[in-house]
Each structure stands twice: as structure tokens, then as C-alpha cells.
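Asker: The structure is given below, and queries will be raised subsequently.
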Amino acid sequence: MQKKLIFFFVIIQLVLSCSKKDIVENDSLKNPFTVYKEAYRLMKNNEFLASAKKFCEAENLFNEINYSAKSALMCSYNYYIINFYPEAKENLKRYMQRYPVDENIIYANYLNILISYETILDEKKDIAPLNETKEKIESFLEKYPNNEYAIDLKFKLDLINNQLAAKELYIAKFYINQQKWTPAVKRLQNIVEFYNTTIFIEEAMHRLVEVYYKLGLIEESKKVANILGYNYNSGEWYAETYKIYNKQYNVKKLQREKDKKNFVSKILDKIK
């Protein structure tokens, strides 16, 4: 453990050593293009921390704003590669403030989202990072809907929504076990309203039917059951929901009826 701590502080010292003061003192002795090429060579050799330091140095040596901006972005990228997320994020924040109209600003935003995405917590813990990342992705997609990174971010947004829905369902089931019906219903309704395209929608609707039924809200439970049946009548959770109203009904029998309907439907399609 002590060796790990020593190594950690050595790395931190290396990162902090890339100070503007050191660079200014050697400004007259160094060519920014030479430093940039050295940073690139280090990156190609997978020496990412050293590369980040060199790109940081190059940024402050360049007089041309375009080269400075690219150096700053490459510095963030190298930190990101080795999972130095706080350093990468802080450097990106500075980059966006200093070079707001740089040609690579869209990629910088994408990289910033990737960092947030890769540091989000699982569904049983704090959801603040999930919501923060979700907001970043939605903002990006609103600004750049047809950008080359949009497909990847849409996929990540779906995964985040699934995690948020899982969180809601996890809490709802906890409340159900505690027989705290009102907060349970609220959590389940959140899934139905906000996360109805996730993989948890069917179970959430089933649980909602179940809770309404236990509370004697038969009409409300039937409304949800009808919606569940209309949209997901071949799913396992609809079969479980069916059993709430007819406890003697065999799930296998229900499945046989569905198979029969599907078979008849196929025959009719051939006749048409």
C-alpha cells in the first residue's frame, strides 16, 4: 500500500511539474514545433503521461493560437487515455474557455462527455453523475444532431436511460417490500413517463398493476394492464400480469394460445 502511495505522489509531481513558470524560463531556448514533435513521438510510443506534459509545454510556447489550441487538446487526450480523468477534464475546461472558436471544439465537447460517461456510477449509487452526463449528451445532440459522434452518443444515452430506469425500479421494489405504496408508485410512474423506451418498462408496468391491485385501485390497474397487453403481449411480464386477475390461469396455456394465434396469423398471411 505504501509503495502505491509513493508511486501516486511521484506521478502527481510529474503532472504538476508542467508549469507555466518553467516553460517561460526556457522559452528562449526551445522551439515549440520541436517540443510538439517530441510530444507526438512520446504518444506514439504509448508514453502518454510524458506526452501530456510535452503538449502542455508546447501550448505555452506557441505564439500561433491554432497550434496552442491543438496542443491543449492533445494534452487532454493523453490524460484521458491513461484515465487521468480530473486532469483531462480540468484541461478541457481551460481549453474551452481559452479557445471557444477553435475548429476542434466539437471534438473537445465529445471528449468531455466521454470522460463523464466513463466515470459514472452504477445504478445502486448516486445518480447525479448519470444525470449530469445525460444532460451533456442531450445538449450535444441538440447542437450537433448530424455530427459524426451523434450515433455513438445516442447509444450511450440509451444505456444511461437504462441505468436511470434500473435505479428507479430498484428503489420502487425496495418500497414495495416495505409496503410503502405511495413512493413505490411514484418511482414506477417515473419509469413509465420518462424511461418508457428502456428494457425495464415492462416490469415497471407489471409492478404498477400489482401495486394498484393490492391497493384496491382495480380500474387504474386494469388501465395499465391494458396498455401493457397492447404493447407487450408476448412478454413474460404480461403473462405475470395476467395471473394477477386470473390466478388459476396457467402461464403455459397463455403461451400456447399466443403460439396458436401466431400460427393462424402466418396461415392467413399465406392465403392473402
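Asker: Mind listing the long-range amide H neighbours of K30? Cut-off is under 5 Å, sequence gap 5 or more, other chains count too, H placed in the peptide plane at 1.01 Å from N.
Answerer: Under 5 Å from the amide H of K30: no residue qualifies.
Asker: Please give, to one decimal in nm, the separation of the simple spin-label points placed at E148 and N162, each 7 Å out from Cα toward the Cβ.
Answerer: So the label points at E148 and N162 sit 2.7 nm apart.
Asker: What distance in nm separates the two pseudo spin-label positions at Q97 and K243, each 7 Å out from Cα along the beta-carbon direction?
Answerer: 5.9
Asker: Sort the following peptides by mean Cβ neighbour count (other Cβ atoms within 10 Å, averaged over residues), highest first: 212-220, 50-58, 188-196.
Answerer: Per-residue mean Cβ counts within 10 Å order the peptides as 50-58, 188-196, 212-220.
Asker: Which entries of K54/K154; K93/K143; K70/K134; K70/K156; K93/K136 have Cα-Cα distances beyond 23 Å here?
Answerer: Working: K54/K154 34 Å; K93/K143 18 Å; K70/K134 27 Å; K70/K156 26 Å; K93/K136 14 Å.
K54/K154; K70/K134; K70/K156, as the Cα separations exceed 23 Å there.
Asker: Determine the gain in length on full extension of the stretch N231-T197; use 0.36 nm per residue of separation and subtract their C-alpha separation, reporting nm with one decimal.
Answerer: Computed gain between N231 and T197 is 11.1 nm.
Asker: Students often check this: by mean Cβ neighbours within 10 Å, which of 32-38, 179-185 ranks highest, and how do the rest follow?
Answerer: Highest mean packing first, the order is 32-38, 179-185.
A short reminder: the numbers here are calculations on the coordinates, not readings from a lab. Treat the numbers as computed from the prediction; the structure is a model and nothing was measured. Here Cβ is always computed from backbone atoms with ideal geometry, including for glycine, and neighbour counts include all displayed protein chains.
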